[in-house]
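K.L.:
Below is one structure. I have some questions about it.
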Amino acid sequence: MNREEELYHLAKEIDARLAAVEQAAAAGSSLPLVLNIGAGLGTVTVDGSGGLVSVDLVREAVTAQTGASLAGHVLRAICNAESAASTRRKTMVDAAAREVGAR
């Protein structure tokens, strides 16, 4: 294979890797993530980028909490969901980059 062919194939591989990474990033950004708040209080939902979508509380469980306790549980769940969404998206992008490189 001559130098021009090598460069052509390298460019094709780079294009394929970029397309796969972009597709994984888009998929990761579009998938919602739902996590339990804890203490049976309900769930939080974030979008694939970690943006808060909703907080769904179980009325019966909320009445057993103080305001500070409830706020702490909800805030912790939101932070965990944001972090999990970010980690999931990064994992998807990294996996896509590895898969194309392994071909």
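We did not get these values from a lab; they are worked out from the coordinates using the rules stated. Because the structure is predicted, anything quoted here is derived from the model rather than measured. Every residue, glycine among them, receives a Cβ derived from its backbone with ideal geometry; neighbour counts consider all protein chains shown.
K.L.:
Determine the sum of side-chain charges near G40: Lys and Arg each +1, Asp and Glu each -1, restricted to other residues whose C-beta is under 14 angstrom from that of G40.
P.N.:
For residues surrounding G40, the net value is -1.
K.L.:
Between S83 and A27, what length comes free when the chain is fully extended (0.36 nm per residue of separation minus the Cα-Cα distance, one decimal in nm)? The partial results should precede the final answer.
P.N.:
Details: separation 56, 0.36 × 56 = 20.16 nm, distance 1.68 nm.
Full extension from S83 to A27 adds 18.5 nm.
K.L.:
For the chain, find the longest principal axis of its Cα atoms and tell me its angle to the long axis of helix 67-102, 0 to 90°, nearest 10.
P.N.:
In the chain, helix 67-102 runs at an angle near 10 degrees to the longest axis.
K.L.:
Here's another thing I want to ask about it. Expressed in nm to one decimal, what extension gain is obtained for the pair E99 and D56 from 0.36 nm per residue of sequence separation less their Cα-Cα distance? Walk me through the intermediate numbers first.
P.N.:
On the way: separation 43, 0.36 × 43 = 15.48 nm, distance 3.72 nm.
So the extension gain works out to 11.8 nm.
K.L.:
So, how do all the Cα-to-Cα distances of the chain break down into 5 Å bins, in percent, from 0 on up?
P.N.:
Binned Cα distances yield the sequence 2, 13, 17, 14, 12, 9, 8, 7, 6, 4, 3, 2, 2, 1, 0.
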